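Reading through the structure tokens given below for one structure.
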Amino acid sequence: MTIEVLKPGLATTVQDLGRPGHYHLGIPIGGAMDRLALRSANLLVGNDEGLAGLEVAFLGPQLMFQADAVVAVTGADMPILLDGEEQAPWTGFSVRNGQVLSFGYLKTGARIYIAISGGVDVPPVLDSRSTYLIGAMGGYEGRTLKAGDRIALGAAPASRAGRCVPESLRRMPKQPAALRVLPGLYWHRITADAGQHFFEDEWQVAPEADRIGYRFRGGRAIEFVDREPPFGAGANPSNVVDSAYPYGSIQIPGGLEPIVLHRDAVSAGGYFQIGTVISADMDLIGQMQPHLPTRFVKVDMDAALAARAERKAILAQIRSTLD
Amino acid sequence: METRFSFGGDDHLVGECSEQMSFEAFFKSLAAMRAIREAAIDGVTELCGGNASYMVRFDPDVIHPNDILREITVIDSVIDQSEPVLDTRIIEVPAYYQDPWTHETMMNFRERHQDPSATDLEYGARINGYDSVGSFIEAHHKSPWFVSQVGFVCGAPWLYQMVDRDRQIQVPKYIRPRTDTPQLTIGHGGAFSCIYPVRGAGGYQMFGITPMPIFDPAQVQSYLRDSMVFCQHGDIFKFKPISREQYDEDMVAVANNTFTPKIREVHFDLREFETNIDAYNTKLSGVLDDN
């Protein structure tokens, strides 16, 4: 009941839905960047939604199955090959002992999620199998996969191949991507003008984009309201007395390049934040490639809650479709 | 001291007790956290303490953001009348100042520093008005420090020096952050010292290193069996300068999982502390001299 890693891909990690409750200690929730994609993949193979699967960024792995299984691949658009034969995305398919799963080049999106019936079985750490790379904990020995690794699988549930998440229920960023933002936190630190052009400008995802955070560039620099630096904050106008960072919060060190913190966020620090990407749009960030044009869209709390409800409704539909 | 509230998206509420760091703001944050925890509000999923602020994570499917704001505002508004006292622990943290490892790293990143011709300690001593590195180091370990925030990555502590503001050490961060910092480096940036729990990037000036692990995901160290993260919001740290020999000895103990930090329970009263800081610190640190 194992899978052998023939080629690991660029950054393939074991992820589930994360380990909530330790952020106050600087251990982030972690887990799949695109939660809806991982949940879908698990449901497609008959797993509980929260079982661990593989999160694959940008370049796919090559995996040799040493057991029969049902597999589903969701998320980014990346050709799925079983012994060289293309398989449908967002659809469960059967894999036999000895077959090799590999991938073509990434087309759109950034991350695929591979669920295998039974789930990936690594020792849970703080009740989660998610890999937290900075802490070298969880997942497969706390690291990205390497060639030669043997991944154990859990006991497979009774499941069947062939079920599919319809295209209308697959959520991916548009081009340009739109991330909805609730302004706030240290919003008062910037000028009214800066508050306007932040939302007007088109940004691009910078190459520094990973599980900790996504950096953006290309928009105008943010100007600050003059102030006497508060004691303990630091002299730079973008500094504040170090405080906790919300997931999704947007910091702009030096007023230059916004950074949106994601699932493996650093939990606190000394940069002001302009606001926060709403919870409903966090999944989308996991599917954004470097250089993708991006707009930040200002919303209020009512809109954020409506979007949250909408995302929940999509999940409910996926569940009922696959039930 | 009025707390300013703001939502971080639809599932975080941040309360900023004060824009500037102070013992009062830190105590207000501690007291608010305690009171919110006791209130056991349905839908609150996690509390994250800050130096002069706090963050409440909540589930908006359970409690509407407006409702949590209302409840937290009420709790926060009665904090000012509460007593600024704290039952906590004081921990002796061995500190090997001017160690070879942070020295090597600082030399590799000299061009990112304000004063490439000086070491971080020489620079810190000079801009804080000390006549020698030795007296600067002494100032660093003579007084205790509050763990005023925990986090960043893997349970790193922010340490706030327990002396009056005029005597608090302040240094800027590196002009450009280093891409490397040895594990367990004792650093300082702005008004805060810190300990790097794991190796990684960093911008704080490097003063020394401790042999004492503060993050242990495998939880093999005896004092980390209950929690893989050692530091707790409100802990008091007292650095003890150690020699290379002592450092090596401690490292052997760490390798054998037999290292045990000296930890004592203490009661802290901010009013008494502020009446006579040095005398209070002497009494506070005195509990570490009992064996």
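Of the residues B:ILE263, A:ILE252, ranked by 1.4 Å probe accessible area with the largest first, the sequence reads B:ILE263, A:ILE252. Semi-axes of the equivalent ellipsoid for the range B:164-225, computed as √(5λ) from the eigenvalues of its C-alpha gyration tensor and ordered from largest down, come to 25, 16, 8 Å.
Considering only protein heavy atoms, with the full assembly of protein chains and a 1.4 angstrom probe, order A:ASP210, B:ASP42, B:ASP59 by accessible area, largest first.
B:ASP42, A:ASP210, B:ASP59
List, by residue number, every residue in the range A:213-234 with a reduction of 20 Å² or greater in accessible area between the chain on its own and the complete protein assembly, 1.4 Å probe. Output list: A:PRO230, A:PHE231, A:GLY232. Straightening the chain between B:ARG110 and B:VAL85 buys 4.7 nm, computed as 0.36 nm per residue apart minus the Cα-Cα spacing.
When the P(r) of the protein assembly as shown is calculated, the portion above 38 Å amounts to 35% of the C-alpha pairs. Relative to the compact-globule estimate of 2.2 N^0.38 Å, the Cα radius of gyration of the range A:36-167 comes out at 0.98. For the range A:177-313, the normalised intensity computed at q = 0.16, 0.19, 0.20 Å⁻¹ comes to -0.79, -1.11, -1.23 (log10 of I(q)/I(0), Debye sum over alpha carbons, equal scatterers, no solvent). Ranking A:MET288, B:MET251 by solvent-accessible area of protein heavy atoms (1.4 Å probe, all protein chains present), from largest to smallest, gives B:MET251, A:MET288. Computed from label points 7 Å out along Cα-Cβ, the spacing between B:ALA39 and A:LYS107 is 5.1 nm. Here the range A:99-129 is scanned for amide nitrogen atoms under 14 Å from the site 7 Å beyond the Cα of A:GLU85 along Cα-to-Cβ, giving A:99-102. Taking only C-alpha pairs under 8 Å that are 6+ residues apart, what is the relative contact order of chain B in percent? Value for chain B: 20 percent. Taking amide hydrogens as placed 1.01 Å from N in the peptide plane, the amide H of A:ILE190 sits under 5 Å from those of A:VAL225, each at least 5 positions away in sequence or on another chain. Dipole magnitude for the range B:4-82: about 260 debye, using +1 per Lys or Arg Cβ and -1 per Asp or Glu Cβ, origin at the Cα centre.
Sequence-ordered 3J(HN,Hα) estimates for the range A:214-219 from the Karplus curve with 6.51, -1.76 and 1.60 and θ = phi - 60° stand at 10, 9, 10, 9, x, x Hz, glycine and proline given as x. Note that the range A:23-29 has calculated 3J(HN,Hα) couplings of 5, 5, 9, x, 10, x, 5 Hz, one per residue in order, obtained from phi through the Karplus relation 6.51 cos²θ - 1.76 cosθ + 1.60 (θ = phi - 60°); glycine and proline are x.
Give me log10 I(q)/I(0) at q = 0.06, 0.07, 0.10, 0.16 Å⁻¹ for chain A, Debye formula, one equal scatterer per alpha-carbon, no solvent. Debye output, listed in q order: -0.21, -0.29, -0.58, -1.30.
Using the Kirkwood radius over Cα pairs, work out the Stokes-Einstein diffusion coefficient for the range B:65-182 at 25 °C and 0.890 mPa s, in µm²/s as a whole number.
Working: Rh = 17.7 Å.
After rounding, the answer is 139 µm²/s.
Within the assembled protein chains, the solvent-accessible surface assigned to B:ARG4 is about 80 Å², based on a 1.4 Å probe.
Here B:LYS142 is the anchor, and the lysines within straight C-alpha reach of less than 27 Å, apart from those fewer than 8 places off in the same chain, are B:LYS28, B:LYS173, B:LYS238, B:LYS240, B:LYS262, B:LYS283. Using a Debye calculation, one point per C-alpha and no hydration shell, please list log10 I(q)/I(0) for the range A:234-323 at q = 0.15 Å⁻¹ in order. Those come out to -0.69, one per q. Of the whole protein surface, B:TRP158 contributes about 10 Å² of accessible area at a 1.4 Å probe radius. Here the 3J(HN,Hα) profile of the range B:58-66, calculated from phi with Karplus coefficients 6.51, -1.76 and 1.60 at θ = phi - 60°, is 9, 9, x, 6, 9, 9, 5, x, 5 Hz, Gly and Pro shown as x. Between the listed residues B:GLN114, B:GLY50, B:PHE237, the Cα displaced farthest toward the positive end of the dipole of chain B, a dipole computed from Cβ unit charges relative to the Cα centre, is found at B:GLN114. Rounded to the nearest 10 square angstrom, B:THR73 shows an accessible area of 60 square angstrom against a 1.4 Å probe. Accessible surface of the range B:4-82, 1.4 Å probe: 49 percent of it comes from carbon and sulfur atoms.
The residues of chain B expose, per residue, 41 Å² of accessible area to a 1.4 Å probe.
Tally Lys/Arg at +1 and Asp/Glu at -1 over every other residue whose Cβ is under 15 Å from the Cβ of A:GLY98; what's the total? Spell out each step's value before the answer.
Numbers: positive: A:ARG96, A:ARG150; negative: A:GLU4, A:ASP68, A:ASP83, A:GLU85.
Here the charged neighbours net out to -2.
Under a 5 Å amide H cut-off, with hydrogens placed 1.01 Å from N, B:LYS262 pairs with B:GLU92 among residues at least 5 apart or on other chains. For the residues of B:190-196, the average number of beta carbons from a partner chain within 10 Å of their own beta carbon is 3. Remark on the range B:127-193: ratio of C-alpha radius of gyration to 2.2 N^0.38 Å is 1.17.
Starting from the Cα-Cα distance between B:ARG4 and B:ARG70, subtract it from 0.36 nm times their residue separation and give me the gain in nm to one decimal. Kindly include the intermediate steps, with their values, before the conclusion.
Working: separation 66, 0.36 × 66 = 23.76 nm, distance 1.28 nm.
Difference between extended and current length: 22.5 nm.
For A:GLN62, the residues whose amide H sits under 5 Å from its own are A:LEU6, A:LYS7, A:GLY9, ignoring neighbours fewer than 5 places away on the same chain, with H placed 1.01 Å from N.
What whole-number volume per residue, in cubic angstrom, does the convex hull of the C-alpha atoms of chain B give?
Looking at chain B, the number lands at 144 Å³ per residue.
A 1.4 Å probe run over chain A, with the rest of the protein chains in place, finds 37 Å² accessible per residue.
The values are calculated or read from the model by the stated rules, or taken from the named source; none is laboratory data. Keep in mind that what you see is a predicted model, and the values were worked out from it rather than measured. Using ideal geometry, Cβ is built from the backbone for each residue, glycine included, and neighbour counts are taken over all protein chains shown. SASA here: full protein model, heavy atoms, side chains in, ligands and nucleic acids out. Shrake-Rupley method; radii C 1.70, N 1.55, O 1.52, S 1.80 Å.
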